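For reference, the structure discussed in these notes is given below.
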Amino acid sequence: ERIGFAVVGLGRISVNQILPAFSRCKHARVTALVSGDRDKALAIARQYGISERAVFDYRTYERLADDAATQAVYIGLPNHMHAEYTVRAAQAGKHVLCEKPMANSVAECRQMIDACARAQRRLMIAYRSQYEANDRALLKMIRAKQLGTLREFISSNCQNQGDPDQWRLKRALAGGGALPDVGIYCLNAARFLSGEEPIEVIGHTWSNPADPRFREVEEAAHFILRFPSGFTATCTTSYSAHQAKFLRLAGSEAWAEMDPAYAYSGLRLRIGRLVDGRDTVQEFALESADQFARQIDHMAECIASSRQPHTPGEEGLQDMRIIEAIYQSAREGRPVRLGPPPGPLRGP
Ligand code: NAD
């Protein structure tokens with residue numbers, strides 16, 4: 001029996017990636033929709049064979065409690081709604097798979113974790129890269145010490161944001177600009193690939209004062225993370241540059257490069273090392289299109305077997321602690337120390 005999910009919020013990520021991904025899932029299916037736009041929701045419901053009775057809006061959301069076919073919700077709403085709709089889902093007895101960034105503050109992340117713990121429901125943050133095949137292959141090589149000791153990580157995630165009126169450019173809705181939206185991929189990759197947690201951050205943010213898009217949120221952010229072993233991550237993110245999505249790792253025995261990294265599909269991984277004294281480069285382009293289905297199936301399996309997801313709420317909370325420290329460092333013009341992370345972050 002597949003785990004039933006309600007898809008909450010029918011914007012771009014839900015309609016273009018998540019709903020189609022369910023057809024590639026082995027352990028999950030869509031059983032309900034939640035949207036403020038009833039006509040759109042009914043059209044999508046027909047397309048996916050969902051009954052009209054299982055189409056809810058933001059006021060009737062709590063009725064999910066009586067929908068026995070739905071055990072979990074996927075939250076694809078703007079960032080400022082993640083906390084509220086996670087807490088309400090948990091109170092309605094549903095497990096939660098929530099989009100990144102987890103919320104707009106550390107305080108909201110803690111409320112979400114507490115609400116799911118109290119209701120004894122699972123909480124997972126949709127860090128799709130951690131379920132993506134090339135990332136998994138790279139992580140395996142790192143753990144097998146094929147790169148030697150990790151020294152440096154360099155990464156960038158940039159895109160152009162057009163419409164100046166969109167929610168992503170409003171502080172109260174998005175929580176910030178490029179950093180929590182796309183810079184978070186670099187931050188999360190530095191952590192999950194190294195398996196370490198940063199002890200210090202240095203941050204800098206920038207907005208062109210003449211650009212009306214960046215009156216409320218930062219256009220670009222640059223940050224350096226220092227880890228206990230001496231490993232260092234240097235990252236840049238921007239809302240006003242054409243697609244740059246890459247990461248590069250320097251290890252004592254090999255380098256690894258993903259370009260593109262973080263994309264929905266078409267990821268490429270290259271590993272360079274010395275073999276018999278000669279530079280060699282090995283190339284991978286594993287199928288990356290299934291990362292959305294893999295993350296949904298992972299959540300479904302965790303629900304079915306009562307296991308903690310690989311990217312639980314604590315993983316989202318830790319990124320939010322670091323994002324807040326980056327902003328603090330940028331404001332105060334000095335490095336900011338970070339204490340140990342809050343409890344176990346992620347599974348194997
Ligand atoms: P979007 O703007 O396309 O969709 C947001 C949806 O929420 C829309 O259907 C909109 O109608 C609805 N909504 C409800 N209340 C709203 C309000 N007060 N203001 C604005 N919209 C409201 O956004 P999206 O790109 O689908 O992003 C949704 C979430 O998914 C965000 O948290 C984002 O960070 C995340 N996301 C993740 C990925 C990924 O690769 N994992 C990619 C894109 C977006």
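The values are calculated or read from the model by the stated rules, or taken from the named source; none is laboratory data. What you are looking at is a predicted structure, and each value in this text was computed from that prediction instead of being measured. All Cβ positions, even for glycine, are placed from backbone atoms using ideal geometry, and neighbour counts span all protein chains on display.
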May I ask you to say which residue of ALA54, ALA43 is under 14 Å from ALA6 (Cα atoms) and not β-branched (Val, Ile, Thr)?
ALA54
Condition check for ALA289: without any contact (Cβ under 8 Å) to a residue 40 or more places away in the chain and under 18 Å from the mean Cα position of the chain (by Cα):
yes
Test ALA304 against the criterion of being aliphatic (A, V, I, L, M) and buried (at least 18 other Cβ atoms within 10 Å of the Cβ), and give yes or no.
no
Can you confirm whether segment 141-153 contains a residue that is at pLDDT 95 or above and within 16 Å of the ligand (Cβ to nearest atom)?
no
Would you be able to say whether some residue in segment 67-76 is under 24 Å from LEU169 (Cα atoms) and of a type outside the set (Phe, Trp, Tyr)?
yes
Look through ILE322, ILE271, ILE326, ILE296 and report the one residue that is closer than 25 Å to ALA72 by Cβ and among the β-branched types (Val, Ile, Thr).
ILE296
Grab the strands (runs of 3 or more DSSP E) fully contained in segment 243-321, keeping just those with 1 or more residues being basic (Lys, Arg), more than 30 Å from ALA103 (Cα to Cα) and at pLDDT 95 or above.
269-275, 278-284
Among the residues of segment 104-131, which ones are charged (D, E, K, R) and more than 13 Å from the ligand (Cβ to nearest atom)?
ARG110, ASP114, ARG118, ARG121, ARG122
Report yes if some residue within segment 122-144 is outside any helix (DSSP H, G or I), over 20 Å from the mean Cα position of the chain (by Cα) and surrounded by 15 or more Cβ atoms within 10 Å (Cβ to Cβ); otherwise report no.
no
Tally the residues that are surrounded by 21 or more Cβ atoms within 10 Å (Cβ to Cβ) and either in a strand (DSSP E or B) or among the acidic types (Asp, Glu) (or both), restricting the search to segment 194-218.
4
Residue under question is SER129, and the condition is that it be farther than 15 Å from GLY316 by Cβ and of a type in the set (S, T, N, Q); does it hold?
no
Looking only at residues that are out of contact with any Ser or Thr (no Cβ under 8 Å at 6 or more places or on another chain) and part of a helix (DSSP H, G or I) in segment 112-121, which one is nearest to PRO341 (Cα to Cα)?
ILE113
